[in-house]
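**Q** Just dropping this structure here.
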Amino acid sequence: MTWTRKHLLDIESLSPEEIITVLDTAKAFKAVGERAIKKVPALRGKTVVNLFVEPSTRTRTSFELSEQRLSADIINFNTEASSLKKGETLKDTARNLEALNVDFIVIRHSASGAPAFLSRVLQASVINAGDGAHEHPTQALLDAFTIRERKGRIAGLKVTILGDILYSRVARSDVWALTKLGAQVTLCGPPTLVPREFEQMGAKVTCDVEEAIRDADIINLLRIQHERQRKAMFPSLGEYTSFFGLSKARLARTKPDALIMHPGPINRGVEIDSNIADSDRSVILQQVTNGLAVRMAVLFLVNGGKGPAEVGG
Amino acid sequence: MTWTRKHLLDIESLSPEEIITVLDTAKAFKAVGERAIKKVPALRGKTVVNLFVEPSTRTRTSFELSEQRLSADIINFNTEASSLKKGETLKDTARNLEALNVDFIVIRHSASGAPAFLSRVLQASVINAGDGAHEHPTQALLDAFTIRERKGRIAGLKVTILGDILYSRVARSDVWALTKLGAQVTLCGPPTLVPREFEQMGAKVTCDVEEAIRDADIINLLRIQHERQRKAMFPSLGEYTSFFGLSKARLARTKPDALIMHPGPINRGVEIDSNIADSDRSVILQQVTNGLAVRMAVLFLVNGGKGPAEVGG
Amino acid sequence: MTWTRKHLLDIESLSPEEIITVLDTAKAFKAVGERAIKKVPALRGKTVVNLFVEPSTRTRTSFELSEQRLSADIINFNTEASSLKKGETLKDTARNLEALNVDFIVIRHSASGAPAFLSRVLQASVINAGDGAHEHPTQALLDAFTIRERKGRIAGLKVTILGDILYSRVARSDVWALTKLGAQVTLCGPPTLVPREFEQMGAKVTCDVEEAIRDADIINLLRIQHERQRKAMFPSLGEYTSFFGLSKARLARTKPDALIMHPGPINRGVEIDSNIADSDRSVILQQVTNGLAVRMAVLFLVNGGKGPAEVGG
């Protein structure tokens, strides 16, 4: 299928065929990343602004490297130094950036809907790098890419997402992406952190961790965002670990070929046992590697690339 | 006229012909910015340091993109991380940067005269990106460029600059540039913020805002620098807005083709009504776009470019 | 001699021949830095991460420019914005960076041994940009380069290092490099700051500054790290200056062709008289210039370059 979108704002509005187009294009870019010279000229002379109003070293670094490997010109625009501190609105900041003949704005923002808002007021392409508790589409795409790469398919798989679902844009985007591609997604965590509303998105919701992991092909552990919670949603980290952390004992009760995923950065000893994170059951570092390829693919496609056949080199 | 200067320190010392050379060269670079590939190799293998001792996201971003589009290597050197915090002098910092075979230093500094000082102790070309309350030459050049582009000429126009003149390097550079090119400049603001000394530069000074805007072809609104004032120079923001802000009612008493300018970032509802800022009377975003072309032109000329005929592609 | 190392972790483990290979390669790169276009394509399509967990503007800038001139893609990863703040371990950070297909990690860290640790857990090449009080190998290499360039040789020279030896990774790396190349190194400073253990490295240790400088061919002044000392190791800066600072009176008692070095940034009037720092006895700025060439050489060699004959252009 030919890609026609100018923005990547969410997974919810994508068709399964569009998601597959991104994954196939990412596969072609992953091959580029394994060459001695990991660069293609696809975005030469184009300008990308990384507008990170909420700090994020990993996602920004992954986007920045993707942009470098596509030969784009790059401006990193972090909130610390910005005019937003002087009371300027997001709209003014974005329109001023656009007036610099900018072609792409990669935005992370604590407010859900900020990327969609920008896409309505700007001519530039907008890519959502995570907005509030809404969506984190490139994370879901790299998760889907990694699952397909390791399992050969997504349809029919059982995927369990474990942890702080309530605040998680990763969980929301993953549910959209994986259910569209035919997986059966189960969400599990403390009752305060796993709202029933997710059932309307097609996911199963449970607080029974043993049931949730027993038949799973994929177990995706979310980071406990203890720095983001306004009030305590569970009594203590220790209690969370004992009830929901992936320990060796608990791992022994999963399928022997179940893969362990995590969007990072991991809290060793909290949501995951340190040895499991480093074991061959874990695909955490492959997710990071695949994130580059997926982000190159997204930038390539919103720039007018049609699909994998055009990647070339 | 052929450009021969190695530095751009101010507008005061430029001849009208030199200013015109910058504007004509910027026009050639503006055409480059509208191509699919917005890059030229003019500064390939040259190194520019953006030495911003006073923070500025917008001006730095505009310079950085200009440098990228000229294919320069770029070092951003902000005061936060720098040795200046350890007590090193500006001279030592600059000479150390120069020892890295740096070709250009773009400097913003809170001390008037810092760029001129560096130009005397360094071999590198120095470009003033704003020094204290002294000058901001590239802002004046982009203002002149925008006026000429929209009005077809500068000579004979009536330009009113409204606001905090006393602390404004933009006002000083604008007065020099526009009077040299034959415009008649009027400065207007609260008596505490519009010193009579500006009359010696050839400008008219008044506190009567209605008189100042009535016949103006251009109304340039300065940002109220409430974060920079050491003591209050006027009673309150609300009072400033009611006496000097550009409201709809006040706009109705201007010439129908008078253009509204602002160096940004704007304080919506303070010095300018929010709707006016977004209307087709406003050229605020064109100023941003033209800033890129003007800064490319300045870097190109101080690097030894003779004028617009050499820009090519 | 052909270079075969994948990492540059210290000077201690290098052979004299390896050090000479770096210096000869740096000489070839210094010639590149004097061209109009100061770039070579040696690292095109390769990615370097500058992982500065301890802040350093100068060393990072020098590395960054070296990397740009080798045409590498560059990610600056400072601790301020990083996941290390969220409790992530250095190992996780580094392995995540590596998963982005990174080829080189240039690391500065307050913990001695951090670069060696990374070299054991990563596939990427690791370059030590200063670790705790352990080593700062590229500083020693640029010091050796500068001495050889100005004196024509290193063997047989008398080099005195003056100041805060105890906390100094520069002193440790300099002692290794210069003694391996046949110089006779004397360390001098207040008794609390010059431990006797250095004698085991082949250096002479003294607290008598007059004796230390009398016959020296090179006097290398270290920066007094007053911000790093946990408790006062000497009574006051004024007292340090009077006993160990290089004043005009003291300079008059040195050999007339003795060169003055300093790793920077200098404290004018503390460890060195301001006029001496700017005199032709000082090679401080040449050290900065040579740092670029040395860092280009190191990156080139750990990337598989064999030696100076391959630099070409």
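Taken together, the values in this text are just the output of simple stated rules run on the coordinates, not laboratory data. This structure is a prediction, so every number in the text was calculated from the model and none was measured. As a convention, Cβ positions derive from the backbone with ideal geometry for all residues, glycine included, and neighbour counts pool all protein chains shown.
**Q** Under the definition of partner shielding as Cβ atoms of other protein chains within 10 Å of a residue Cβ, what is the mean value for peptide A:89-99?
**A** Averaged over the peptide's residues, the number is 5.
**Q** Averaged over A:63-75, how many beta carbons belonging to a partner chain fall within 10 Å of each residue's beta carbon?
**A** Mean shielding count: 4.
**Q** Where in chain B are the helices, taken as whole DSSP H runs, whose Cα atoms extend 24 angstrom or more along the long axis and whose Kyte-Doolittle mean reaches at least -0.5?
**A** Sorted by number, the helices that extend far enough and score high enough are B:16-33, B:284-302.
**Q** How far apart, in nm, are two points set 7 Å out from the Cα along the Cα-to-Cβ line at residue B:225 and at residue C:225?
**A** 3.9
**Q** When DSSP assigns beta bridges and you keep just the ones with both residues in the protein assembly as shown, what percent turn out antiparallel, to the nearest 5?
**A** Approximately 5 percent, going by the DSSP bridge assignments.
**Q** Please grab the % of Cα pairs in region C:210-311 that end up more than 16 Å from each other.
**A** Beyond 16 Å sits 64 percent of the P(r) for region C:210-311.
**Q** With N set to the number of residues, divide the alpha-carbon radius of gyration of region B:138-287 by 2.2 N^0.38 Å and report two decimals.
**A** 0.94
**Q** Determine the distance separating the Cα centre of region A:2-77 from the Cα centre of region A:88-144; give it in Å without decimals.
**A** Using only Cα atoms to place each centre, the spacing works out to 13 Å.
**Q** Same structure, new question: Just want to confirm a number: the relative contact order over region A:245-306, from Cα pairs under 8 angstrom separated by 6+ residues, in percent.
**A** 35
**Q** Pairs A:38/C:30; A:46/A:91; A:39/A:158; A:91/C:46; B:6/B:204; B:306/C:39: which exceed 29 Å Cα-Cα?
**A** In this structure, A:39/A:158; A:91/C:46; B:6/B:204 exceed 29 Å between Cα atoms.
**Q** I'd like the FRET efficiency for residue A:197 and residue A:13, computed as 1/(1 + (r/R0)^6) with the beta carbon distance as r and R0 of 22 Å, rounded to 0.05.
**A** 0.75
**Q** To one decimal in nm, how far is residue B:269 from the same spot in the other copies, if labels go 7 Å from Cα toward Cβ? Please give the shortest first.
**A** Label point to label point, same position, other copies: 4.9, 5.0 nm.
**Q** Follow-up question, since we're still on this one. Please give the charge dipole size of the protein assembly as shown, origin at the Cα centre, charges +1 on K and R Cβ atoms and -1 on D and E Cβ atoms. Round to the nearest 20 debye.
**A** My answer is approximately 1000 debye.
**Q** May I pose another question? How large is the Rg to Rh ratio of the protein assembly as shown when both quantities use alpha carbon positions and Rh follows Kirkwood?
**A** We get a ratio of 1.00 for the protein assembly as shown.
**Q** May I ask which residue of C:189, B:109, A:116 lies farthest towards the positive end of the charge dipole of the protein assembly as shown, with charges of +1 (Lys, Arg) and -1 (Asp, Glu) on Cβ and the Cα centre as origin?
**A** It is A:116.
**Q** If I take every Cα pair under 8 Å that is 6 or more residues apart in region C:158-313, average their sequence separation and divide by the length, what percent do I get for the relative contact order?
**A** It comes to 21 percent, rounded to a whole number.
**Q** With charges set only on the Cβ (+1 for Lys and Arg, -1 for Asp and Glu), what does the dipole of chain C come to about its Cα centre, in debye to the nearest 20?
**A** Using Cβ point charges on Lys, Arg, Asp and Glu, chain C gives about 440 debye.
**Q** Of the peptides B:89-96, B:205-212, how do they stack up when ordered by the mean number of other Cβ atoms within 10 Å, highest first?
**A** B:89-96, B:205-212
**Q** With only Lys, Arg, Asp and Glu charged, each at its Cβ (+1 for the first two, -1 for the last two), find how big the charge dipole of region A:137-288 is about the Cα centre; round to the nearest 20 debye.
**A** 220
**Q** Sticking with this structure for a sec: Which residues does the label zone of residue B:36 cover in region A:12-49, counting backbone N under 19 Å from a point 7 Å along Cα→Cβ?
**A** A:40-48
**Q** Using the Karplus curve 6.51 cos²θ - 1.76 cosθ + 1.60 with θ = phi - 60°, what ³J(HN,Hα) values do you get for each residue of region B:263-279, in whole Hz, with x for Gly and Pro?
**A** Once rounded to whole Hz, the list reads x, x, x, 6, 9, 4, x, 9, 7, 8, 5, 4, 5, 5, 4, 9, 7.
**Q** Here's another thing I want to ask about it. Averaged over A:55-62, how many beta carbons belonging to a partner chain fall within 10 Å of each residue's beta carbon?
**A** Shielding by partners across A:55-62 averages 6.
**Q** Any idea which of C:234, C:269, C:156 is furthest toward the positive side of the dipole for region C:137-288, if Lys and Arg beta-carbons carry +1 and Asp and Glu beta-carbons -1?
**A** C:156
**Q** In whole Å, how far is the Cα centre of region C:176-200 from that of region A:238-282?
**A** Measuring centre to centre over Cα atoms gives 50 Å.
**Q** Would you mind putting C:172-180, B:298-306 in packing order, based on average other-beta-carbon counts within 10 Å, highest first?
**A** C:172-180, B:298-306
**Q** Report P(r) for chain A: all Cα-Cα distances, bin width 20 Å, range 0 to the bin holding the largest distance, values in whole percent.
**A** Percent of pairs per bin, in order: 34, 57, 9.
**Q** Taking Cα pairs under 8 Å and at least six residues apart, what relative contact order does region C:54-213 come out at, in percent?
**A** Relative contact order, region C:54-213: 14 percent.
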